[in-house]
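The values are calculated or read from the model by the stated rules, or taken from the named source; none is laboratory data. Please read all numbers here as calculations on a predicted model, not as lab measurements. All Cβ positions, even for glycine, are placed from backbone atoms using ideal geometry, and neighbour counts span all protein chains on display. Heads up: the accessible areas ignore ligands, DNA and RNA and are worked out on the full protein's heavy atoms, side chains in. Shrake-Rupley method; radii C 1.70, N 1.55, O 1.52, S 1.80 Å.
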Amino acid sequence: MEKLIAGAKKLGLQLNPRQIEQFSIYYQELIDWNQRMNLTAIIDYEEVQIKHFLDSLTVILAFPQPIKEDLHIIDIGTGAGLPGVPLKIVLPQIRLILLDATIKKAKFLHHLKQKLGLDDIEIVVGRAEEIAHQTQYRERFDIVLSRAVAGLPTLVELALPFCTIGGRFIAQKKAGVDSEISEAAKAIDTLGGRLRETKRINLEELGEERWLVIIEKILPTPS
Ligand code: SAH
């Protein structure tokens, strides 16, 4: 996990031996289950460390500082647990919901949770646009995450209903983020959001331009 350890350090994260072991187990389980179901196209040991694990951890740069330990976080369309599970490994106190539309992925996530010995993870199967109408999930989360699920206008529509007022949705984006933001402007406004900041990630390991789009929830989302 040398690549991950070095990259995480640049994010201000000193991984302890337990966390390094958890990332190692995560890698092994991902590769093992990937032989039987389609979880990831990235399987190379070093690439997984950078493109999955380190990339997931970058969202921490957009968290309100100092980071509150008991943050309530939802990861929409989490797939194999990204970015939620790497975050949970480095911030074990967070309360995390992993949401995905497919049962098969949920099965992997239950297995992974047990293998990693992680508490306070709830795995929910369903479509974001339906789950967001259930009162126990609507406007309940300090931080909403969603990686590689849709373009920003759609993402905002899926994510902002989950966000508590004063909470934030953090989108991970590549180059060309400005045009995505202008396309999403109306959706952001309609759903009760406000663009707070776009933050460039300076981490040469990632090998390409990466941005975090931080959208604050300032008003309730209309039902
Ligand atoms: N976030 C992961 C997976 C991205 S693939 C990663 O970065 O690797 C997109 C995932 O989103 C798939 O697992 C798919 O099942 C899920 N998904 C797509 N639309 C969804 C929706 N409307 N609600 C819930 N999950 C959705």
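The residues of the range 126-159 that are open to solvent by less than 10 Å² (accessible area, probe 1.4 Å), away from the ligand (no atom under 12 Å from the Cβ) and under 20 Å from Ile94 (Cβ atoms), listed by number, are Phe141, Ile143, Val144. Each residue in the range 193-208 was checked for being loosely packed, with under 13 Cβ neighbours inside 10 Å and assigned to a loop (DSSP other than H, G, I, E, B), and 3 pass.
Filtering the range 174-194 to residues that are within 16 Å of the ligand (Cβ to nearest atom) and modelled with pLDDT of 95 or more leaves Ala187, Leu191.
Among the residues of the range 160-184, the one identified as open to solvent by 50 Å² or more (accessible area, probe 1.4 Å) and under 16 Å from Ala132 (Cβ atoms) is Ile165.
In the set Leu112, Leu98, only one residue is more than 10 Å from the ligand (Cβ to nearest atom) and either open to solvent by less than 20 Å² (accessible area, probe 1.4 Å) or out of contact with any helix residue (DSSP H, G or I) (no Cβ under 6 Å at 6 or more places or on another chain) (or both); that residue is Leu112.
Quick grid of which residues meet (1) at positive phi; (2) within 14 Å of the chain's Cα centre (by Cα); (3) among the acidic types (Asp, Glu):
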| position | (1), (2), (3) |
| --- | --- |
| Ile60 | no, yes, no |
| Gln114 | no, no, no |
| Thr135 | no, no, no |
| Glu157 | no, no, yes |
| Pro161 | no, no, no |
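In this entry, Leu39 is excluded by the filter for residues that are open to solvent by less than 40 Å² (accessible area, probe 1.4 Å) and part of a helix (DSSP H, G or I).
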